[in-house]
Amino acid sequence: MSESNISQSTLSPADETFKAYFDKPFERKIMNIEYSVLSNFHGQGFLAGNTEMHFRKGIEEGFNGFKADMRLSSDGVIVLCHDAGYTFTPDGKIATFNQDNYTPIHDMPFSKIRDLEFEHPFEGQILHPCTLDTMLALCEKFDVAAYLTLRAEPWRAETAQRMVEHIRAHKMEHRTIINLYTGVKEAVDCVSALLPGLVYCNTKYPDVQLTTELIDSSAADGYKIICLNNHQLATVTPEKLQYAASKGIRIWTWGVSNKAECAAHIAQGVTGFQMCTRNVTNAVIADILQ
């Protein structure tokens with residue numbers, strides 16, 4: 001993120017904190033992002049990810065930001081969903097996703113999607129699909145980061161265009177991270193042309209290890225973060241962390257599920273998490289760092 005892309009005079013305190021995190025990639029600050037899948041919330045029942053209730057609970061838990069997975073409806077509305085579509089119960093409610101039996105989101109108009117209900121209520125409330133607009137409004141109000149996964153398969157320029165419109169509308173230019181699981185350079189170039197100065201994360205699948213070659217290619221493609229699966233912790237060495245820092249890249253991880261794993265990753269030098277388990281919150285991380 002360069003000074004030319006961010007005017008100091010327009011940054012809020014939350015923006016400044018976000019900017020400082022990436023300007024000093026080897027400092028021991030932790031970015032803790034709430035993951036976006038169906039989960040058992042403190043044993044209280046299943047809370048569907050990518051819903052407004054999911055994000056509001058994340059605010060209560062003290063997360064630095066929220067991960068959201070973007071899908072485009074047939075009429076161009078960005079709906080948040082981890083999967084490519086919805087699997088329905090016999091009575092038409094959204095059930096656990098079934099890869100072999102689902103309706104693609106891009107085949108459904110938003111007028112239909114917005115009225116859908118998830119199979120499992122939470123705390124007595126019926127849950128509905130959430131839009132990017134609603135999620136960014138929460139991020140703007142509560143000064144948290146937006147960690148947006150460009151998931152269209154294949155990703156489409158229209159999704160990027162609509163996303164940028166919402167980012168601008170909610171003044172989230174300085175607190176947005178674009179996450180790409182496949183590391184598509186074309187997507188980085190497309191979004192950068194629409195809105196310069198965003199941060200990009202190159203999230204890797206479980207079999208990918210941290211190498212100097214990966215660091216070099218990620219830096220060349222414009223990434224500020226490499227996010228590895230927790231199974232690759234052993235490949236995060238002090239030497240590679242120093243090398244990544246010299247390229248302006250932070251190392252994050254996903255798939256961590258408990259405090260012990262979180263502590264091990266922090267000890268190894270990881271400075272960011274995509275968290276699925278909510279008992280590993282910012283408070284736990286702060287306790288480990290003391």
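Could you tell me which of Pro129, Val236, Thr87 has its Cα farthest along the dipole of the chain towards the positive end, charges placed at Cβ (Lys, Arg +1; Asp, Glu -1), taken about the Cα centre?
Most positive-ward Cα: Val236.
Order of Phe55, Phe118 from fewest to most other C-beta atoms within 10 Å? Write out the running numbers ahead of the final one.
Values: Phe55 25, Phe118 21.
Least to most surrounded, the residues fall as Phe118, Phe55.
Sort Ser192, Ser36 so that the residue with the fewest other Cβ atoms within 10 Å of its own Cβ comes first and the one with the most comes last.
Numbers: Ser192 16, Ser36 25.
Ascending number of Cβ neighbours within 10 Å: Ser192, Ser36.
Going toward the positive end of the dipole of region 3-289, with +1 on Lys and Arg Cβ and -1 on Asp and Glu Cβ, which of Asn202, His120, Ala187 do you reach last?
Farthest towards the positive pole: Asn202.
Please report, in debye to the nearest 20, how large the charge dipole of region 171-223 is about its Cα centre when each Lys and Arg carries +1 at its beta carbon and each Asp and Glu carries -1 there. Could you put the intermediate results ahead of the total?
Values: 4 positive and 7 negative charges, 60 e Å.
For region 171-223, the charge dipole is close to 280 debye.
Using only DSSP helix segments of four residues or longer, with each worth -39500 (n - 2.57), what per-residue ellipticity at 222 nm results for the chain after dividing by its residue count and rounding to 500? Intermediate values should be presented prior to the final figure.
Working: 10 runs with 95 residues, N = 290.
So the helix-based figure for the chain works out to -9500 deg cm²/dmol.
Kindly provide log₁₀ I(q)/I(0) values, in the same order as q = 0.08, 0.11, 0.12, 0.17 Å⁻¹, from the Debye equation applied to equal alpha-carbon scatterers of region 3-289.
Listed by q, the Debye log ratios stand at -0.32, -0.62, -0.75, -1.52.
Please give the charge dipole size of the chain, origin at the Cα centre, charges +1 on K and R Cβ atoms and -1 on D and E Cβ atoms. Round to the nearest 20 debye.
Values: 26 positive and 35 negative charges, 104 e Å.
Result for the chain is approximately 500 debye, rounded to the nearest 20.
Taken together, the values in this text are just the output of simple stated rules run on the coordinates, not laboratory data. Computed from a predicted model, the values in this text were never measured in an experiment. A quick note on method: Cβ atoms are made from the backbone with ideal geometry, for glycine too, and the neighbour counts reach across all protein chains shown.
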